[in-house]
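Single-structure report; data block below.
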C-alpha cells in the first residue's frame, strides 16, 4: 500500500471542505471522446499499447478499491489481475457508450469481489474454530484502524462513493458515470457519507 493511500485514509475524519460542483465541473473533461472510442477499437484488435496504458492508469485505483473491500493485499492484487484478464477476454462484447472505461473495469472488479466474499463466507461457516490462520501483513493490520471500521458501517453506495472519491481519487463526474448517477447526486451522497463517517469516528 502506498503512503498516499494511508495518509488519505487517516485524514478522512478531518475532511471538512469539499470542492463544489461548479468548481470541479470546470476542471473535469468530457468523459466521452472519439479518442477513447478509438482506444476501445484498438483494444478489441489486441493492441498491447492500449492494454498497457489502461493497466498503468487503472491498476492503482482498482487495487485500492479491492483492498478496501477485502483487506488483504495478495487477494486484492489477484482481483485486479483477474479484472484485466476478464476485460481482455470480454472486450469483444464491450460497446463504448461514452462512459469511462474505468466504469466497465470497476463493474468487473465489483462482481469478482462479491464472488470472493461469498466464497469466504462459505469457508468461514465450515471452520470449526472460527479463526483465520493467515498471517497478517502490515496492510492487513491497517484494516483495524477506526476509519476502516467506520467505513464498514456505511451503506454500500456511501462506502463506494468514499472509496472512489478519496481512495481512488476520481472526480465527481467520473464517479457519477461509474455509479450511474448524476454528479449532483454524487455530491449529495458524498456529503451524507462524510457526515456518517465523522459521527461514527466521534462515537468511537
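Count of segment 79-91 residues, restricted to those that are farther than 15 Å from residue 103 by Cα and either crowded, with 22+ Cβ neighbours inside 10 Å or modelled with pLDDT under 95 (or both), is 1.
Among the residues of segment 115-138, those that are in contact with a helix residue (DSSP H, G or I) (Cβ under 9 Å, 6 or more places away or on another chain) and modelled with pLDDT of 70 or more comprise 116, 117, 120.
The single condition from (1) modelled with pLDDT of 65 or more; (2) under 20 Å from residue 67 (Cβ atoms) that residue 177 fails is (2).
Of all residues in segment 180-204, those that are out of contact with any helix residue (DSSP H, G or I) (no Cβ under 8 Å at 6 or more places or on another chain) and at pLDDT 90 or above total 2. Out of the residues in segment 173-193 that are more than 15 Å from the chain's Cα centre (by Cα) and outside any helix (DSSP H, G or I), which is surrounded by the fewest Cβ atoms within 10 Å (Cβ to Cβ)? Per the stated criteria, the residue is 182.
The values are calculated or read from the model by the stated rules, or taken from the named source; none is laboratory data. Bear in mind that the values here come from a model prediction, so they are computed numbers and not experimental data. Quick reminder, even Gly has a Cβ in these numbers, built from the backbone with ideal geometry, and neighbours come from all protein chains shown.
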